[in-house]
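Chemist: Before I ask anything, here is the structure I am working with.
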Amino acid sequence: MHGDGAPATVESAFGRSLRERASQIHRRHAWKTQGRGAQFMTGLMGASQPGDPGEFRVAITGVTSGRNPGELLYSLETDEVSGIFVVDAQGVEKRLFHTADFRVRHVALNPERTTLAASIFHQKSFASNIAVMQTDGTDFSETTEGDSVDLAPRWVAGGGRRLVFQSAGLGRDDQGRLSGLGPFTVQQLDLDSGEIECLAEDANHDLLGPQRTAEGALYYIRRPYSGGKHKIQPLHALKDT
């Protein structure tokens with residue numbers, strides 16, 4: 001909604017096009033699930049059948065105000081692709097960035113409205129890093145690395161290019177398989193110097209959704225830590241709060 005105006009529904013044209021494509025594929029292969037065609041396909045080893053397009057997952061994983069009045073920036077993902085999009089005041093959608101290599105989540109716009117930050121989830125390793133890019137979709141780069149889950153970047157108010165985010169280490173067994181997730185701490189990244197500073201940590205609690213004011217006050221949500229037994233699902237970390 002804009003100011004005191006009535007709420008308005010904004011539908012992603014990109015998400016709608018993916019659903020429509022899934023429906024077309026489903027109709028094209030419908031014979032495989034009907035009558036004698038279904039019997040024939042059942043007899044083939046390894047035959048796969050397109051699922052119900054109603055089950056096609058399109059998830060909005062982050063929303064923020066855009067660079068211009070009336071604009072809305074958001075990150076979106078499906079099981080195959082992910083990207084960052086902007087919708088202007090007239091409802092026209094523009095794709096800024098998309099990829100099938102990883103999932104983009106928790107998009108945030110800096111106070112100067114020139115740079116976007118987001119968390120980048122790598123499905124193969126289950127690690128998540130913080131990345132930045134320009135609002136026109138250029139100069140994409142990952143700014144954190146390591147075997148950790150870095151989520152929910154927020155820009156620090158005031159001067160400089162600083163981000164706060166929540167971070168937890170991934171635990172693995174001697175064969176490299178995931179065995180747990182450490183407690184989330186609050187980290188600050190200075191993009192100009194490249195330095196990372198731990199602002200808050202608690203061995204008994206997860207510290208989530210951090211924000212820092214220009215005066216230096218730090219805010220976050222504190223949740224009891226489950227000892228690494230909670231499932232490693234970065235997409236759900238903020239939804240849990």
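Chemist: Spin-label point model (7 Å from Cα, Cβ direction): what's the residue 226 to residue 57 distance in nm?
Modeler: 1.7 nm
Chemist: With only Lys, Arg, Asp and Glu charged, each at its Cβ (+1 for the first two, -1 for the last two), find how big the charge dipole of the range 51-139 is about the Cα centre; round to the nearest 20 debye. If you can, show how the numbers build up before the last one.
Modeler: Working: 8 positive and 12 negative charges, 45 e Å.
With only Lys, Arg, Asp and Glu charged at Cβ, the dipole is about 220 debye.
Chemist: Now for a different question. With no solvent and one point on each alpha carbon, what is the Debye value of log10 I(q)/I(0) for the range 65-206 at q = 0.14 Å⁻¹?
Modeler: Reported log10 I(q)/I(0), two decimals: -0.69.
Chemist: What number comes out for accessible area per residue over the range 121-199 if the probe is 1.4 Å? Units Å², please.
Modeler: Working: 3670 Å² over 79 residues.
With all protein chains present, the range 121-199 gives 47 Å² per residue.
Chemist: Counting Lys +1, Arg +1, Asp -1, Glu -1, what net charge surrounds residue 158 among other residues with beta carbon under 12 Å of its beta carbon? Numbers along the way, then the final one.
Modeler: Details: positive: 161, 162, 212; negative: 112, 215.
So the surrounding residues net to +1.
Chemist: What net charge do the residues around residue 112 carry, taking every other residue with its C-beta under 12 Å from that of residue 112, with Lys and Arg at +1 and Asp and Glu at -1?
Modeler: So the environment of residue 112 carries a net charge of +3.
The values are calculated or read from the model by the stated rules, or taken from the named source; none is laboratory data. Please read all numbers here as calculations on a predicted model, not as lab measurements. Here Cβ is always computed from backbone atoms with ideal geometry, including for glycine, and neighbour counts include all displayed protein chains. For accessibility, only protein heavy atoms count, side chains too; no ligands or nucleic acids. Shrake-Rupley method; radii C 1.70, N 1.55, O 1.52, S 1.80 Å.
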